[in-house]
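Data block below; observations after.
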Amino acid sequence: MNKVGNPARLWGLMGTVAMIALLPAAGWAAPGDAAPDGAVAESDTATTVIVTADREKDRTVTAKLPMTPHELPQSLSVLGAEQLQEQKLVTLDDALRQTPGVIVEPIDGNRVNFYSRGFEITNLQFDGIPTTMDDRIFSPPDLVVFDKVEVLKGPAGLLAGFGGPGGAINLVRKVPLSTTAGYANLTVGSWDNYRLEGDFTSPLNSSGTVRGRLVGTFQERDTFQDWTHQKRLLGYGTVGADLTPDTTATVGVYRQENDYKGGWNLPGRVNVVGGKYVLSLLDVPRSTSLGEKWNEDEFTTTGAFANVEHRFGDGWHVNLGTQYLDNVMDRVMAYAYTPVVVGQNTTTLYAQKVRYDQSQAGTDLSASGPFTLFGQVHEAVIGASYERTEFRARSANGYNANGSTWASTVNVYAPVATAAEPVWAPWQRDNTTLTQTYSTYGAVRLRLLDPLRLIAGVRATWWDTAVTTVIPAKTPRSTASIDGKVTPNAGLVYEVNPAVALYTSVTQVFQPQSYTDASGKVLKPLQGMQYEVGTKVDFLDGRLHSSLALFHVDEENRAQADTRYPNQSIYLAQGKAQSEGVELDLTGEVLPGWTVTAGYAYTFAENLDNSVSDSSAFSAIAPKHSFKLWTNYRLPESLDKRWTIGGGATVQSSMSNTFPTLGNAVLTQGGYAVFDARVGFDVTEKISVAANLKNLFDRTYYQRVSTPQSGNIYGEPRSVLVTLQAKL
């Protein structure tokens, strides 16, 4: 029987949503003078845009239609430049760890997965142009290149084309400005952490119609793990030009290099008590590295983009964007892959060499603007997009000089990393996956009544993929295609008054997959539906924004790594799943100079069949309860407004994995709370210094719970970062 959740619980929560939404309309905590329709003000400190003055400034790039987060019939969070600086969030995974409702799961020392509402986020956009976020090769980008991070929670079909149920991430690049500005930051921190970043923009001619911007960063540090070292180098350049008063072109290039040397994961512990397996996470020091000193990951990302926008006098504009990405990962590694048996305290390291190459090219052409029908003004967008992705995966095993498989047994309480690097065999697995996607789409925002708007869209998709295998030889070529798949989506937004909006939406989940199973066959497309209702309310004359969302998601054919083939690109479509829950966000300015961002999420996710053979993944990636808080306060002039103080917390309930092949034994990390603090001082108007203390109380916890064999990763201990900033 197909489960659809508890109807009483669902309708009860819907009633709560409606009651909370209507409180301001009834006079409780209502704003003073309501902002006029179309009014918004920008706030980089908030994770959701604050509606107060000019909504044009805060229209989200995530949506093809010109809408603000307040007008969207889905939950959207935005992290702006000021919050990124305050919390020292330098990479995308740093930012998403502070985004309410999002869970970050590290895979190893560089790669990560992102989850929302229990499902993986695979839709990554740059200025609204989608790319494929493949966790096999994805290393989080440095945020020095971007002005803000937009995170849409739930499937992006309504706003950004097809995609999985987890959501979409859009990174908004820094653009060249017509005035001269810039800054330089020097950060020094724990574990010999040194980071230098700079950003400079200026007009390139006297009229400012041609502008340029250069951004760069260099970071080098050890980590809290023994003999582990990281290095990051990034350069970004962009030029913008007004070809005519109504036409703007922007081009840019960038390159990011990451080098990581060290171990990254720990096995679990296995004990047998009364004939039953008992699993536990290791209690070794957090500095423990299990690997060899020749371990190394090298990630390189090279990209280029171009964008042309033309604005018509009637409010319509046409935008053509294109981009190219090239990602390369080279890895040689020794990794722990056997559980620690009680009384022995040892694990076995195995070795492997892999190389992943991925190239992506994408183009999007769209036209959007207002139109009049039945005496009302509406908005529409039409467009077409194309994406081409080519991914090549190669792997080889390591051997000893005598031809035996390389392996090393180490004591997890006294590991050494002195074993010689193995003799690497020629590539033993080598395949290439070529995927092309063609789409046409259209959407409208119709004003049915003055307070009621209908947002409806449809997309038609043509998709094909082919997997060509060189090694093993004679592997059949695998192909799959989809012709003209139509995915409709719809939402309603009802404005009780300019500060209060109620919404509901139905979003179809449809995402073709290029992953293959052990036989080389391409997995079925991921499919499902999301139902969401919620409210968005502004308080204190629009300075404080809140949102409450209730969601229900059904999904099938989710790709999961096949645990029978560790560290290989082999996957399974894991059957049917369901998730439902509540998200509550609060963000904005409580008092003059005092900003706050807070979010709570309750998520109940479960598998609906027995297709998952050896782990309950949802309980490891979707804690039922999570809470995130960040607040910053600038002292009033009567005390000394040069000082700012801030603090935050990340709290979540337990995570666990259950293993049917071990008698349903459970590997668990209990709930935990991590607190951060910050103090800043403006030396002059142009020079400031700030200190960030992360994991203030030095809480020991595992940020990832994987298997008894491998993949369990400690959270970072207490650390200090001191940043000196100088502005032009």
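Centre-to-centre separation between the Cα atoms of segment 291-367 and those of segment 382-415: 14 Å. Applying the Karplus relation 6.51 cos²θ - 1.76 cosθ + 1.60 with θ = phi - 60° to segment 164-170 yields 3J(HN,Hα) values of x, x, x, x, 9, 10, 10 Hz, where x marks Gly and Pro. Dimensions of segment 189-331 along the principal axes, based on C-alpha atoms and rounded to the nearest Å, stand at 79, 36, 26, largest first. For segment 59-727, the dipole from Cβ point charges (+1 on Lys and Arg, -1 on Asp and Glu) about the Cα centre works out to 620 debye, to the nearest 20. Potential lengthening of the chain between D541 and T700 amounts to 53.1 nm, from the contour at 0.36 nm per residue minus the alpha-carbon distance. Against the chain, whose longest principal axis is taken from its Cα atoms, helix 7-25 shows a tilt of about 40°. If you take the Cα centroid of segment 625-693 and the Cα centroid of segment 99-127, the two points sit 18 Å apart.
Could you please rank V270, V553, placing first whichever residue has the fewest other Cβ atoms within 10 Å of its Cβ? Final ranking by Cβ density, sparse to dense: V270, V553. Length available on full extension from T440 to Q376: 0.36 nm per residue minus the Cα-Cα distance, which gives 20.4 nm. The modelled label-to-label distance for the pair S653/A726, using points 7 Å beyond Cα in the direction of Cβ, is 5.1 nm. Computing FRET efficiency as 1/(1 + (r/R0)^6) for A306 and I471, where r is the C-beta to C-beta distance and R0 is 51 Å, gives about 0.85. With neighbour counts taken as other beta-carbon atoms within 10 Å, the residues R558, R213, R634, R477 rank, fewest first, as R477, R634, R213, R558. Residues whose amide H falls under 5 Å from that of M67, counting only those 5 or more places apart or on a different chain, are T60, with hydrogens built in the peptide plane. Over the residues of the chain, the helix contribution to mean residue ellipticity at 222 nm works out to -1500 deg cm²/dmol, using -39500 (n - 2.57) for each DSSP H run of at least 4.
Each peptide among 713-719, 263-269 gets the average number of other Cβ atoms lying within 10 Å of its residues, and from highest to lowest they stand as 263-269, 713-719. The convex hull around the C-alpha trace of the chain, projected and averaged over every direction, spans 33.3 square nanometres. Look at the alpha carbon pairs under 8 Å that are at least 6 residues apart: their mean separation over the length of segment 59-727 gives a relative contact order of 12 percent.
Every number here is computed from the coordinates shown, using simple stated rules; none is lab data. Just so we're clear, the structure is a prediction, and the values are computed from it rather than from any experiment. Glycine gets a Cβ as well: all are built from the backbone with ideal geometry, and neighbour counts include every protein chain shown.
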